[in-house]
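Shown next, in structure tokens, is the structure this report addresses.
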Amino acid sequence: MSQLNSETYLDFCFIRKSAGNFAAEIDEMLSKLFKGIRLNWYLDEKVEDGVEIVVAEVKGMSKWQSENETIEFIEDHAEESFWDYLQGYKFFIYPAKKGCGSCGTN
């Protein structure tokens, strides 16, 4: 039996010294990390006091059934620079329930 996909919401905050093109670098990093997974993201970039900040809001559908599964996947697949830049994250994983979810009987 195939596993149902989960609604997936991931927020990341990446920070580094200002060097330019940080959002493009984060976009490429996320593209590699989540290749083949039905996730999309929005990046918000700002520069303050010589520091670049990118907040990535990632959402979509994934096979992960828990926040811990998500963390394990990222630990196994993320590039070293991902960890160098990562300053914080927040995950919400909502596993699909059997049935249609609205009628409560199937």
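The values are calculated or read from the model by the stated rules, or taken from the named source; none is laboratory data. From a predicted model like this one, the values you see are computed outputs, not experimental measurements. Cβ placement follows ideal geometry from the backbone for every residue including glycine, while neighbour counts extend to all protein chains displayed. Remember, those area values only see protein heavy atoms, side chains included, never the ligands or the DNA or RNA. Shrake-Rupley method; radii C 1.70, N 1.55, O 1.52, S 1.80 Å.
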For LYS97, list the lysines whose Cα falls under 27 Å from its own Cα; do not include residues on the same chain fewer than 8 positions away. LYS35, LYS59, LYS63
Taking the 0 to 90 degree range and rounding to the nearest ten, how far is the long axis of helix 67-77 tilted relative to the main principal axis of the chain, both from C-alpha atoms? 50
Send over a whole-number figure in Å² for the accessible area per residue of segment 1-67, probe 1.4 Å. 60
Using Cα pairs under 8 angstrom and six or more residues apart, how large is the relative contact order of the chain, in percent? 42
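What's the magnitude of the charge dipole for segment 27-83 around its Cα centre, counting Lys and Arg as +1 and Asp and Glu as -1 at the beta-carbon? Answer in Debye, nearest 20. Walk me through the numbers before you get to the answer.
Working: 6 positive and 15 negative charges, 98 e Å.
So the dipole magnitude of segment 27-83 works out to roughly 480 debye.
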How tilted is helix 22-33 with respect to the longest principal axis of the chain? Cα atoms for both, answer in degrees (0 to 90, nearest 10). 40
Across 10 Å bins beginning at 0, the whole-percent shares of Cα-Cα pair distances in segment 6-106 come to 15, 45, 25, 11, 4, 1
